[in-house]
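Below is one structure, written out as structure tokens, with a few remarks after it.
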Amino acid sequence: MRDLTGLNIGEEGRVAWVTARGGMRRRLMDLGLTPGARVRCLLAAPGGGMRAYGVRGTVVALRAKDAETVLLEEGRHG
Amino acid sequence: MDERRVIALAGNPNVGKSTVFNALTGLHQHTGNWPGKTVASARGTCRHNGRQYTLVDVPGAYSLWAQSAEEEVALEAVCFGGAEAVIVVCDGTCLERNLNLVYQVMEITPRVVVAVNMLDEARKKGVRVDLKALEKQLGVPVAGVCARAGKGVGEILEKVEQVLQKTPVPRRAVYLEAVEKAAQSLAADIAPWLDCLTDARFAALRLLENDPCFLRELEKRKPLSEECRAQIEKAREALALPDLSDHLVAAVYRAAEDCCRAAVTRPEDTGNRQWKIDRVLTGRVTGAAAMLGLLCLVFFLTLKGANAPSRWLGAGFAWLGEKLEGGLNALGAPPFLRSLLLDGVYGTLSQVISVMLPPMAIFFPLFTLLEDLGYLPRIAFRLDGIFEKCRACGKQALTMCMGFGCNAVGVMGCRIIDSPRERLIAVLTNAFVPCNGRFPTLIAMMTIFFAGGGLGGTALSAGMLTGLILLSVGVTLGMSYLLSVTVLRGVPSSYTLELPPYRAPQAGKVIVRSVLDRTLFVLGRAAAVAAPAGLVIFLLSHIPAGEGTLLTALVRLLSPLGRLMGLDGAILAGFLLGFPANEIVLPMILMIYTAGGTLADVSNLSAVGEILRANGWTAVTALNLMLFSLFHFPCSTTCITIYRETGSAKWTAMAALLPTLVGMLLCMVVHGIALIL
């Protein structure tokens, strides 16, 4: 299954599930990354650093190890 | 007259909550365009239709399911703070995400007013918010606001009055029937025990979810009774829904989506231009160039702009000093007292102000401008990769930038870092970057020994300064890593960073605010320590000890260590006596050389250069002084701040010791190399 890190810049996907546990799980969902939400990858910091994702009209930057925990629905969008 | 009614002001981070608060209360809470500016609840009062209200500015929170210190404060304020109504400020450009908090607050109290801010910005982006439809969807009053322009603020209070008179019926998010039933029945069970501490259904939901933060806040007020514990346990088992928390957020967001579908129209793909700009500003080469260029520009403007005003202030203080002397003479003050007051206290004070005020009055507005623009989170975004490799948090880049202005401010800013380990790293390493107080010393050294004066010289100085700053950033990163693998062992934690849209700064307000809030604040603090420090220095240099004075004895004592570091005893004494404020280090050194009892005037650099060279200074001495200025114990204000923030004498000592050891080591290495060459 693809996760957020699999999105190229400009590409969009739909959240299927969040696998992070504990506080980070709740934080990601509170930021709007709930199942069904559309997410677009907008920016990538150089050197494998953070990536910025557009979700529900806001932009949230995540580290790769956290972005990995947001799984996407199969099939491509946008 | 009834007593003041308490109204809480909540909202997501960076939605202009502080701006609304300021507009309502007339207070000048510092605002900036990055999440996490408000780290503690501020209080203010306002008046509407002859009624007094106490307004509590709650720290920004994405959710009341608290994940950070600020959010815990927010939960406490909204849930247990005794507020009679809650204003939730929302960003009109991204209402859907903001509604998450609105729905959460509506579970605690029905007396909610939603203030949709930044409507002007939303309109520019083609986002239209139908306030009437929103009101209908939410069931609570909605006010449209452009807080920056001061529009619609009165309407908020109008609506607050409305909900206080007649409690509205909010349309809450709809949960599964089983969840709703379980919550209702648990609420009924615990209601007698809860005794109106907070809404029973809300508490029941949180207890079913097993939210550790809510439980902590609740038990602070009233430890859970055995009976309650059993009831909660039973209700949890009966519900048997392990993913309850997921269900609740998802339900809230479904409600928010429905709400926005009815009340908000937005064009597909807003703000594409911004991301093109951002790709440049955070790119590998372009991003680094932009960062360095901006840094260089800020320092150039600060240095170039500060020269003339510094001289004017110096001249002004000299003139005033003569008048004061005349006055004291006329009063018949004894010569010692006159000298003590004028040369000791007044001299130090005027020196600190004339050296400090102009650069700060330029640096802080420039910094605030970048802050308002929204550039700072981009720096954190761009640099996070490096900080992650050093097992620290990218937000440390922000506190580091604040440290350039004032280390005490930077240390305080570390509260935005959620992980305690990473916060401590940021606190301990903040003084590794030079604050404004150290720039004059660095620049004087560069001008006298390396770059020379004139416009070209200033440009060269700014370039060299940037080099020194890169060195300090490098050492900060190295130190962070070192701490992460030794005393503060741990792996980088998870965190999220919101990138706000760029916003045009409000130039006028920026200048007024940064001068009032930061410049005068820092200056006041520095002046408060400079006056007594002047007194101490004066006494030290006048109380005889052995053949000389206490001061010469101190210099003699420090001399061997100073020579080992390629410096001398006078320089080290200058740093020690400059503990109250870094800006007085160089004047202090000059004072020791010239054996005067007062701080020397450092505005005439060629004269300063002559004195220094006459005392055996070379380029190596100047280089070592710059290094030690970069890396030595933080000033007294910063030390006090570190103690307050960490609550530990051990960590404060560590924060003072670490940079000092690094500085001593570097100086010795440079001195050694210079001896060999």
Hey, any idea what % of chain B's accessible area is carbon plus sulfur with a 1.4 Å probe?
63
Give me P(r) over the protein assembly as shown, computed from all C-alpha to C-alpha distances, binned every 20 Å, as integer percentages.
16, 44, 29, 11, 0
Ellipsoid semi-axes in whole angstrom, largest first, where each is sqrt(5λ) of the Cα gyration tensor of segment B:331-424:
42, 16, 9
Would you tell me the accessible area of residue B:411, worked out with a 1.4 angstrom probe on the heavy atoms of the protein chains, in Å² to the nearest 10?
0
By a straight-distance test (C-alpha under 30 Å), which lysines pair with residue B:136 as possible cross-link partners, with residues fewer than eight away in the same chain excluded?
B:17, B:124, B:125, B:151, B:159, B:166, B:181
With at most 10 other Cβ atoms within 10 Å, longest stretch of chain B clear of loop GluC sites (Glu not before Pro) (DSSP)
B:269-546
Is it possible to state the helix-based mean residue ellipticity at 222 nm for the protein assembly as shown, with each DSSP H run of 4+ residues giving -39500 (n - 2.57), the sum divided by total residues, to the nearest 500 deg cm²/dmol? What is it?
-18500 deg cm²/dmol
For residue B:676 and residue B:318, what does the FRET efficiency come to when R0 = 60 Å and r is the distance between their Cβ atoms, rounded to the nearest 0.05?
0.85
Nearby lysines by direct alpha-carbon distance to residue B:222 (threshold 23 angstrom, same-chain neighbours under 8 apart not counted):
B:234
Restricted to Cα positions, what overall size does segment B:137-206 have along the principal axes? Three whole-Å values, descending.
47, 27, 22
Nearest 100 Å², what total accessible surface is buried between chain B and chain A (probe 1.4 Å)?
3500
Got a number for carbon plus sulfur as a percent of segment A:4-72's accessible area, 1.4 Å probe?
50
Among A:4-13, B:344-353, how do they line up from the highest to the lowest mean number of other beta-carbon atoms within 10 Å?
B:344-353, A:4-13
Where chain B is the region considered: accessible area per residue in Å², 1.4 Å probe
40
Which log10 I(q)/I(0) values, to two decimals, does segment A:4-72 give at q = 0.26 Å⁻¹ under the Debye formula with one point per Cα?
-1.24
Calculate how large, on average over all directions, the projected area of the Cα convex hull of segment B:149-284 is; give the answer in nm² to one decimal.
14.3
What are the ³J(HN,Hα) values, in whole Hz, obtained from phi via the Karplus relation 6.51 cos²θ - 1.76 cosθ + 1.60 with θ = phi - 60°, for each residue of segment B:319-328 in sequence order, with x given for Gly and Pro?
4, 5, x, 4, 4, 4, 4, x, x, 5
Can you give the accessible area of residue B:276 in Å² (nearest 10), computed on protein heavy atoms with a 1.4 Å probe?
130
Based on the Kirkwood radius over alpha-carbon pairs, what is the Stokes-Einstein translational diffusion coefficient of chain B at 10 °C with 1.306 mPa s viscosity, in µm²/s?
57
Put B:132, A:65, B:220 in order of accessible area, largest first, 1.4 Å probe: what do you get?
B:132, B:220, A:65
Kindly sort B:584, B:277 by accessible area of their heavy atoms, largest first, with the probe set to 1.4 Å.
B:277, B:584
Can you give me the convex hull volume of the Cα atoms of segment B:177-240, divided per residue and expressed in Å³?
69
Determine the shielding of peptide B:248-256 by partner chains: average, over its residues, the number of Cβ atoms on other chains within 10 angstrom of each Cβ.
4
How many angstrom lie between the Cα centre of segment B:344-383 and the Cα centre of segment B:539-563?
35
Let me confirm one metric for peptide B:380-388, namely the mean number of other chain beta-carbon atoms within 10 Å of its residues' beta-carbons.
5
Modelled label-to-label distance, residue B:43 and residue B:512, 7 Å Cα→beta-carbon offset: nm?
2.7
Taking the Cα atoms only, what angle lies between the long axis of helix B:454-485 and the longest principal axis of chain B, rounded to 10 degrees?
60
Over segment B:5-165, consider all pairs of different Cα atoms and compute the Kirkwood hydrodynamic radius from their mean reciprocal separation; express it in Å, one decimal.
15.2
Occluded residues from segment B:92-112, i.e. those whose accessible area drops by 50 Å² or more once the chain is not alone (1.4 Å probe):
B:97
I'd like the mean, over residues of A:19-31, of how many other protein chain beta carbons sit within 10 Å of each residue's own Cβ.
6
Per-q log10 I(q)/I(0), segment B:616-677, q = 0.12, 0.28, 0.29 Å⁻¹ (Debye; single scatterer per alpha-carbon; no solvent)
-0.38, -1.07, -1.11
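The values are calculated or read from the model by the stated rules, or taken from the named source; none is laboratory data. These numbers come from a predicted model, not from an experiment. Here Cβ is always computed from backbone atoms with ideal geometry, including for glycine, and neighbour counts include all displayed protein chains. The protein model used for the area step is the full one, side chains on, heavy atoms only, and it has no ligands, DNA or RNA in it. Shrake-Rupley method; radii C 1.70, N 1.55, O 1.52, S 1.80 Å.
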